[in-house]
Amino acid sequence: MAASSSTTRALPVLASFLLLLVCTAQAQLSSNFYASSCPTLQTIVRSTMQLAVGRDQRMAASILRLFFHDCFVNGCDASVLLADTATFTGEQNAFPNQNSIRGMGVIDTIKANVEAACRGTVSCADILALAARDGVFLVSSYRNLIASVWHTPTCMHGQGQVLRSSMSQSFARKRQLVQLPRASCMQAGGPSWTVLLGRRDARTSSQSTANNNLPASSSSLAALTSSFAAQGLSQRDLVALSGAHTIGFARCTTFRNRIYNDANIDTSFANSTAQSCPRSGGDNNLSPLDLQTSTIFDNAYYRNLVAQRGLLHSDQELFSTNNGSAGPTNSIVQSYVVDPTMFFSDFVAAMVRMGNISPLTGTSGEIRLNCSRVN
């Protein structure tokens with residue numbers, strides 16, 4: 001009992017310490033960090049991400065996941081981007097990352113473009129943070145459809161119109177005004193936010209920490225809550241950030257046990273998903289995390305959870321019942337179903353908090369010239 005009492009007293013102290021770390025990190029980062037040293041940075045990142053997402057709609061989710069897997073392992077320091085060598089073992093082959101994380105090549109391309117404009121100035125950690133934000137913003141069915149043919153559409157204030165320019169040479173001088181419903185403009189891209197900058201890049205990486213810190217797809221709500229709390233993130237942050245699964249895909253090996261063995265799953269959903277994920281074999285077969293709108297950043301993920309159609313066991317843990325009692329995060333899930341703007345707002349706030357986890361600043365770390373290796 002004494003040990004339990006001591007632990008209880010220690011929790012507020014630990015929470016205060018983690019909050020202090022986050023606040024200190026935020027004070028060291030700045031939205032205008034590169035305003036003078038690399039003023040074109042955000043334009044370069046956005047335009048390169050637009051091309052990448054236009055070619056591969058999965059890339060927005062992949063970059064977002066890459067950022068998450070970076071921040072949860074010793075902070076947002078681009079350590080996840082360091083490739084293994086004969087003398088260096090990084091995080092990319094940790095169990096949660098092996099044959100799973102992708103998008104490093106896109107970050108390399110952005111880095112090369114940034115280096116051409118501002119050599120030795122911008123960290124890979126900051127590029128990854130910006131790319132994750134831009135991927136979320138760019139993802140919508142309308143935006144990706146237009147991006148393959150036109151420049152990025154811009155909704156005109158107060159009107160259901162999109163101004164677009166032809167990218168083809170024969171129509172290079174023509175501009176067309178296309179009428180769209182108001183909802184199309186509102187949904188032409190997910191939420192966006194101001195990314196605080198000034199991170200530096202790690203010179204080290206830890207595969208063991210990646211194995212320990214990154215939540216598994218089989219995690220219980222208690223394990224997820226503990227994992228996020230260790231990073232200074234709340235249970236509400238957990239539910240909001242899990243909404244990133246409204247886009248992207250998962251491998252059969254991560255959800256096979258759920259569709260064949262979990263009881264809290266919609267039968268028709270389990271049966272249809274099993275068609276691409278047999279009981280044995282096909283480990284790398286992909287299925288959308290959100291069957292309804294896998295390329296649109298919206299709140300459909302939460303509607304799926306209420307209908308017991310969460311693809312991963314860890315997803316469905318956010319909305320569950322135990323002996324007839326609602327799970328502790330059910331009310332948050334339901335609030336996001338009813339009010340997608342609340343989800344967007346909470347997701348943005350949680351992304352900013354996650355981006356502030358233990359950044360290297362000042363003279364710590366380095367500014368890598370190549371994101372996959374130390375200087």
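Would you mind counting up the charge near SER227? Only other residues with Cβ under 14 Å from its Cβ, with Lys and Arg at +1 and Asp and Glu at -1. Don't skip to the answer; put the middle values down first.
Values: positive: none; negative: ASP237, GLU317.
Residues close to SER227 contribute a combined charge of -2.
Listed highest first by mean packing, meaning other Cβ atoms within 10 Å per residue, what order do 324-331, 132-139, 283-290 come in?
Peptide ranking by packing, descending: 132-139, 283-290, 324-331.
Could you list the trypsin sites (Lys or Arg not before Pro) in segment 235-329 that lie in coil according to DSSP, counting only those with at most 15 other Cβ atoms within 10 Å of their Cβ?
On the way: sites: ARG236, ARG251, ARG256, ARG258, ARG279, ARG303, ARG309; in loops: ARG279, ARG309.
Passing sites in segment 235-329 are ARG279.
Treat each spin label as a single point 7 Å out from the Cα along the C-beta direction, and report the THR87 to GLU366 distance in nm.
My value for the distance between the label points is 1.2 nm.
Work through the residues other than PHE249 whose Cβ is under 12 Å from its Cβ and net out their charges, Lys, Arg +1 and Asp, Glu -1. Intermediate results must be reported in sequence, preceding the final value.
Numbers: positive: ARG58, ARG65, ARG102, ARG251; negative: ASP56, ASP290.
In short, +2.
Let me check against my output: what whole-number percent is the relative contact order of segment 239-351, with C-alpha pairs under 8 Å and at least 6 apart? Mind showing how you got there, number by number?
Values: 161 pairs, mean separation 35.9, N = 113.
Reported as a whole number, the value is 32 percent.
Want the number for THR194 to ARG373: 0.36 nm per residue separation, take away the alpha-carbon distance, what's left? Write out the running numbers ahead of the final one.
Values: separation 179, 0.36 × 179 = 64.44 nm, distance 2.79 nm.
The span from THR194 to ARG373 would gain 61.6 nm if fully extended.
Calculated FRET efficiency, ALA35 and ASN323, Cβ-Cβ r, R0 45 Å, to nearest 0.05?
Values: r = 56 Å, r/R0 = 1.25.
Once the sixth-power term is evaluated, E becomes 0.20.
Report, to the nearest whole %, how much of the accessible area of segment 239-351 belongs to carbon and sulfur atoms, 1.4 Å probe, protein only. Let's see the in-between values first.
Working: 2300 of 4740 Å².
Ligands and nucleic acids excluded, carbon and sulfur give 49 percent.
Which net charge results when you count Lys and Arg as +1 and Asp and Glu as -1 among the other residues whose beta-carbon is under 15 Å from that of VAL338? Each step should come with its number before you reach the end.
Working: positive: ARG303; negative: ASP298, ASP339, ASP346.
After counting each charged neighbour, the total is -2.
For ARG102 and GLN235, what is the calculated FRET efficiency with R₀ set at 25 Å and r taken between the beta-carbons, to the nearest 0.05? Can you show the working numbers first?
Details: r = 29 Å, r/R0 = 1.15.
The value I calculate is 0.30.
With a 10 Å radius around each residue's Cβ, average the other Cβ atoms per peptide and rank 103-116, 85-98, highest first.
Values: 103-116: 19.0, 85-98: 15.7.
Result, highest mean Cβ count within 10 Å first: 103-116, 85-98.
Over 18 Å apart: what share of the alpha carbon pairs of segment 239-351 falls there, rounded to a whole percent? The partial results should precede the final answer.
Values: 3025 of 6328 pairs.
Taking all Cα-Cα pairs of segment 239-351, the fraction more than 18 Å apart is 48 percent.
Once you have the alpha carbon radius of gyration of segment 289-371, what is it after dividing by 2.2 N^0.38 Å, with N set to its residue count? Intermediate values should be presented prior to the final figure.
Details: Rg = 17.4 Å, N = 83, 2.2 N^0.38 = 11.8 Å.
Cα-based Rg divided by the globular estimate yields 1.48.
Roughly what would the spin-label model give for ASN271 and ASN211, points 7 Å off Cα along C-beta, in nm?
It works out to 4.1 nm between the two label points.
Quick one: which of 332-338, 361-367 comes out on top by average Cβ neighbours within 10 Å, and what's the full order, highest first? Can you show the working numbers first?
Numbers: 332-338: 18.6, 361-367: 14.0.
Descending packing order for the listed peptides: 332-338, 361-367.
The values are calculated or read from the model by the stated rules, or taken from the named source; none is laboratory data. From a predicted model like this one, the values you see are computed outputs, not experimental measurements. Virtual Cβ from ideal backbone geometry, glycine too; neighbours counted across all protein chains shown. Remember, those area values only see protein heavy atoms, side chains included, never the ligands or the DNA or RNA. Shrake-Rupley method; radii C 1.70, N 1.55, O 1.52, S 1.80 Å.
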